[in-house]
1. When Lys and Arg each count +1 and Asp and Glu each count -1, what net charge do the other residues less than 15 Å away from Lys33, Cβ to Cβ, add up to?
2. With a Cα-only, solvent-free Debye model of segment 56-99, what are the log10 I(q)/I(0) values at q = 0.16, 0.19, 0.22, 0.23 Å⁻¹?
3. Using 7 Å Cα-to-Cβ label points, what is the Ile30/Lys259 separation (nm, one decimal)?
4. Write down the Kirkwood hydrodynamic radius of segment 1-152, to one decimal in angstroms, obtained as one divided by the mean of 1/r over all alpha carbon pairs.
5. So for the pair Arg271, Gln325, with labels modelled 7 Å out along Cα→Cβ, what separation do we get in nm?
6. So what's the net charge close to Cys214: Lys and Arg +1, Asp and Glu -1, counting the other residues with Cβ under 12 Å from its Cβ?
7. Here is the link list: Lys233/Lys299; Lys49/Lys329; Lys49/Lys160; Lys144/Lys255; Lys56/Lys259. Which ones come out longer than 26 Å on Cα distance?
8. Report the extension gain between Glu154 and Thr318 in nm, rounded to one decimal, defined as 0.36 nm multiplied by the number of residues separating them, less their alpha carbon distance.
Amino acid sequence: MLSLQNQRQPKTTPLVDDYEISDTVLGLGINGKVVQCTHRRTKQNFALKVLLDNEKARREVDLHWRASGCKHIVNIIDVYENTYSGRKCLLVVMECMEGGELFQRIQEKADSSFTEREAAHIMREICEAIYYLHSRDIAHRDLKPENLLYTTKEPNAILKLTDFGFAKETFTNDTLQTPCYTPYYVAPEVLGPQKYDKSCDIWSLGVVMYIIMCGFPPFYSINGLSISPGMKKRIRSGQYDFPDPEWTNVSQAAKDLIKGMLNVDPSKRLRIEDVLRNKWIAQYDAVPQTPLCTGRMLKEGEETWPEVQEEMTRSLATMRVDYDQMQIKALDKSNNPLLTKRRKKIEEIYAEHKK
Ligand code: ADP
């Protein structure tokens, strides 16, 4: 459900009146290309993402738009609703992220120039994006390396999160939206299920932090078989470790934080508020400047990086399905008198029909 007061409307005038579309492809996604475009008057460059207009695309744009006020989320500049060869499209003009992906940048750093303090600074930036979303009841659900981009190639560039293709409003529970049932007195077990979606982002934060610290992922498949049954089991049971020598000099504080984020039980996993309060994040300037091996490990593992990305994509997909099911079950089990009443009524109607 879109909240009406925040809902912005796409422009219906042709995008090409205001922007010139270039041939430069900035990136390829599952839903098509992201290309560069230039504002005709200001000559400023932007990124253009074209989506076929449907309910899913509308949700992506709406949630991304609502998140656009955050310093660490790629800003939406304009949205157009135009028709191309008879097909209605949504054209999303975003700020152009010229600095490339996070891990590309870490890999380019000279050996041992990347420290634990810098890692903490990066984590702080990502956490701020997630905090912004979670405090507005939005779960991103697709936090992974390729969705973390830098504004420029400069050393002072800002890291931002993008791609709201799987984002979800965490207050979509029907019962809570009927006017006679305001959330003020709702039972915690009914509100409970929403936390699984947010905890998906925390798991991703844990995986991303692990890779930032050492240059390889906590869970990986054996024999290059992506998301093998074994790997699924390892993820579900939280089997990972901090192997030597890459982790030898890393602080215990960093390891403990990762453990809190990778807790297998989503209800026990840290929440974003906890993460932001954690000393390693809150006081990132005081984190030791221990050199990390991330740059070197990323370089050595360059060939397998696409597999690492695929694995994370698949694990996230599995997790989204798992958590959706857990939410349905939790809601089913909840002892909410109104829900029980409603269910009874439905059963009665069915029984009536069968007669
Ligand atoms: P999809 O949802 O189809 O996966 P994304 O939004 O993730 O699409 O975009 C695909 C790729 O395009 C990204 O991985 C990135 O390389 C590039 N890209 C996306 N947005 C921008 C942007 N604002 N500036 C520069 N490049 C971008």
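We did not get these values from a lab; they are worked out from the coordinates using the rules stated. Predicted model only: the values in this text are computed from it and were never measured. Note: ideal-geometry Cβ built from the backbone for every residue, glycine included; neighbour counts use all protein chains shown.
1. Working: positive: Lys49; negative: Asp23, Glu146, Asp163.
My count for the surroundings of Lys33 gives -2.
2. Evaluating at q = 0.16, 0.19, 0.22, 0.23 Å⁻¹ gives log10 I(q)/I(0) of -0.47, -0.63, -0.77, -0.82.
3. The modelled label-to-label distance comes out at 3.4 nm.
4. Working: mean 1/r = 0.0590 Å⁻¹.
Radius from the Kirkwood sum: 17.0 Å.
5. Taking the two extended label points, one gets 2.7 nm.
6. -3
7. Details: Lys233/Lys299 28 Å; Lys49/Lys329 36 Å; Lys49/Lys160 16 Å; Lys144/Lys255 20 Å; Lys56/Lys259 34 Å.
From Lys233/Lys299; Lys49/Lys329; Lys49/Lys160; Lys144/Lys255; Lys56/Lys259, over 26 Å: Lys233/Lys299; Lys49/Lys329; Lys56/Lys259.
8. 55.4 nm
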